[in-house]
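J.: The structure is given below, and queries will be raised subsequently.
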Amino acid sequence: MKLVLLWTDMLVWALVIVLFLWSWVISRSPQIRKQWHTIFRSHIAMASSTVLLFYVLFTLLDSVHLRMALPLEAQKSEEVVYEAEMVSLLDLVFEHNIRNTERTYSAPFATVEYASSIVADENGITRQVHLPLKHVAAEDNLVEESLFALGMGLIWGLSLVVLHIWWRERSGFLLAWKETWRGESDLPWRTAYATFILLVVTFTWLYMLSYSYHVLGTDKVGGDVLYQSFKSIRTGVLIGILTTLIMLPVAVILGVSAGLFGGWVDDVIQYLYTTLSSIPGVLLIAAGVLSMQVMMDTHPTWVETTLERSDLRLLFLILILGITSWTGLCRLLRAETLKLSQMEFVTAAKAFGVSKLTIIRRHIVPNLMHIILISVVLDFSGLVLAEAVLSYVGVGVDPTMHSWGNMINQARLEMAREPMVWWSLFSAFVFMFILVLAANLFSDRIQTVLDPRNKA
């Protein structure tokens with residue numbers, strides 16, 4: 001096998017490295033470390049951050065792409081030849097779901113197709129029957145398999161929790177275990193561990209049963225909805241995180257510059273974000289995505305596979321969303337910088353001849369960090385929902401890419417069927433709802449701790 005990095009893969013892993021470096025910087029600052037310690041003293045913050053990390057884990061698994069080597073008998077030379085299609089680690093985990101494709105719709109845990117088909121018996125008499133599914137073990141006992149899967153998930157979850165407690169407190173493991181069990185630890189680790197075990201047990205149950213059943217049913221072409229739901233996590237998380245990080249430097253630089261320098265600089269920046277805000281965002285995004293689509297159609301040599309094509313469109317959509325979503329934060333930072341520029345410590349720095357760049361680095365930006373962090377987390381959930389809306393209207397990610405928006409768009413026609421096909425829409429809704437809810441709860445805690453107005 002050969003490792004292949006897509007554009008979004010490189011951005012994801014670069015972001016992971018930056019986050020580790022940022023964590024190292026935070027650990028060296030007692031003040032910042034105390035702020036984050038205060039954030040995580042909330043039970044809701046610990047539970048929601050555990051859920052977010054669970055989603056990030058699936059994003060990272062789906063951001064490692066491989067090309068598998070062709071069998072020896074299929075190779076015409078001694079040089080190793082690789083398959084054209086790429087697979088991710090998540091695809092390898094759900095390989096059985098990809099391989100076990102049915103003919104058409106089937107309901108969750110069903111053993112027969114959802115719609116009846118006309119068949120002729122030995123006597124030539126036609127009748128309508130529900131054909132059995134090809135890749136479902138109808139003779140298995142669902143209750144017994146569920147109990148076994150839940151037990152295995154509980155064992156794995158508890159084992160990982162014990163391993164983490166030992167990693168945290170190697171010398172005082174028993175004392176740390178007792179404090180965690182009684183809820184007496186400094187941070188609410190008991191809440192985090194309970195959430196983690198619940199997630200592990202749920203995933204284990206879904207995954208182990210997926211070998212015998214289509215747990216969340218199948219779509220029109222027989223594809224497994226459970227696999228599609230987990231595969232869509234990467235698209236939602238990437239749009240939420242990467243778009244925010246692209247928008248952030250633009251908003252900070254322009255907002256601080258407008259508020260501190262004033263004059264013609266302020267006039268130009270105000271004109272820029274006022275003009276951009278007056279254009280309907282959906283129209284601007286649609287124009288950018290369609291222009292990119294035409295450009296890719298006229299230059300087919302840019303990409304070799306369908307996956308690379310959809311990844312390039314996802315990257316361009318992230319750039320378009322980042323370009324069109326910085327105006328609100330820029331306006332907010334400009335107003336706050338205008339207020340900070342009149343403070344005594346900034347006036348004193350100007351009187352002593354300190355340069356504008358030094359004032360920005362030492363006095364302005366540190367006092368804006370609470371606004372920046374709050375806006376980043378709040379914008380994340382909004383962008384995840386924006387992807388679903390844009391894909392629903394046809395200007396989002398590529399139709400061949402797995403995303404909750406594409407699942408909702410496809411379910412639009414399925415809901416009008418008789419009988420109604422509801423599980424694709426339900427699955428996309430549940431996965432997206434959990435992610436957005438966790439992000440909103442975590443952002444509420446950050447706003448409570450970091451916003452100075454809440455301490456007045």
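J.: Taking trypsin sites (Lys or Arg not before Pro) as candidate sites, keep only those in a DSSP loop with at most 16 other Cβ atoms within 10 Å, then name the longest stretch of the chain containing none of them.
T.: Answer - 221-416.
J.: Under the rule a/c < 1.5 gives rounded, and otherwise a/b versus b/c splits prolate from oblate, where does the stretch 44-153 land using the Cα gyration tensor?
T.: Note, shape of the stretch 44-153 comes out oblate.
J.: Another question about this same structure. At a threshold of 8 angstrom on Cα-Cα distance, excluding pairs fewer than six apart, so keeping six or more, what relative contact order does the stretch 182-337 reach in percent?
T.: Reported relative contact order: 31 percent.
J.: In the chain, carbon and sulfur make up what percent of the accessible area (probe 1.4 Å)?
T.: Details: 16440 of 24600 Å².
Ligands and nucleic acids excluded, carbon and sulfur reach 67 percent.
J.: Using every alpha carbon pair in the stretch 251-305, what percent of pairs falls into each 10 Å bin from 0 up to the bin containing the largest distance?
T.: 21, 28, 23, 21, 8, 0
J.: Shifting gears a bit: Please work out the average accessible area per residue across the chain, using the 1.4 Å probe convention, and give it in Å².
T.: Per residue, the chain has an accessible area of 54 Å².
J.: Run the 1.4 Å probe and let me know the accessible area of L187, rounded to the nearest 10 Å².
T.: Roll a 1.4 Å probe over it and L187 shows about 30 Å².
J.: Also: Modelled label-to-label distance, K34 and V265, 7 Å Cα→beta-carbon offset: nm?
T.: Those two pseudo-labels are separated by 3.3 nm.
J.: By average Cβ neighbour count within 10 Å, what is the ranking of 430-438, 148-156 from highest down?
T.: 430-438, 148-156
J.: Shifting gears a bit: Cα axis of helix 263-278 to longest principal axis of the chain: angle in degrees, 0 to 90, nearest 10?
T.: Long axis of 263-278 versus the principal axis of the chain: about 20 degrees.
J.: If you filter the stretch 325-373 for chymotrypsin sites (Phe, Trp or Tyr not before Pro), then keep DSSP loop positions with at most 10 other Cβ within 10 Å, what is left?
T.: F352
J.: I've got another one for you. Cα-based count: Lys pairs in the chain below 20 Å, eight or more positions apart or different chains?
T.: Lysine pairs meeting the criterion: 7.
J.: Do any GluC sites (Glu not before Pro) in the stretch 131-239 lie in a loop, going by DSSP, with at most 12 other beta-carbon atoms within 10 Å of their beta carbon, and if so which?
T.: Counting only loop positions with at most 12 other Cβ atoms within 10 Å, the GluC sites (Glu not before Pro) in the stretch 131-239 are E139, E184.
J.: May I pose another question? Expressed as cubic angstrom per residue, what is the convex hull volume of the alpha carbon set of the chain?
T.: Numbers: hull volume 104.8 nm³, N = 456.
Hull volume normalised by residue count: 230 Å³.
J.: Using amide H atoms built in the peptide plane, which far-off residues or other-chain residues are under 5 Å from V4 H to H?
T.: H65, L66, R67
J.: Report the dimensions of the stretch 170-251 along its three principal axes from the alpha-carbon atoms, largest first, rounded to Å.
T.: Taking the Cα atoms of the stretch 170-251, the three principal extents are 55, 50, 19 Å.
J.: In deg cm²/dmol, rounded to 500, what helix-only [θ] at 222 nm does the chain give when every DSSP H run of at least 4 residues adds -39500 (n - 2.57) and the total is split over its residues?
T.: Result for the chain: -22000 deg cm²/dmol, rounded to the nearest 500.
J.: Could I ask something else about it? Using the alpha-carbon atoms, what tilt in degrees (0 to 90, nearest 10) does helix 30-39 show relative to the longest principal axis of the chain?
T.: Helix 30-39 sits at roughly 40 degrees to that axis.
J.: Test of the criteria: in the stretch 294-392, which GluC sites (Glu not before Pro) are in a DSSP loop and have at most 15 other Cβ atoms within 10 angstrom of their Cβ?
T.: Details: sites: E304, E308, E336, E344, E387; in loops: E304.
Sparse-neighbourhood loop GluC sites (Glu not before Pro): E304.
J.: If one computes the Cα centroid of the stretch 13-75 and of the stretch 220-238, what distance in Å separates the two points?
T.: Here the two parts' Cα centres lie 21 Å apart.
J.: Output the 0 to 90 degree angle, nearest 10, between the alpha-carbon long axis of helix 7-28 and the longest principal axis computed from the alpha carbons of the chain.
T.: So the inclination is approximately 50 degrees.
The values are calculated or read from the model by the stated rules, or taken from the named source; none is laboratory data. This one's a predicted model, so the numbers in the text were calculated from it and none came from an experiment. All Cβ positions, glycine included, derive from the backbone under ideal geometry; neighbour counts span all protein chains shown. Note: accessible area is taken over every heavy atom of the protein model, side chains too, but ligands, DNA and RNA are not part of it. Shrake-Rupley method; radii C 1.70, N 1.55, O 1.52, S 1.80 Å.
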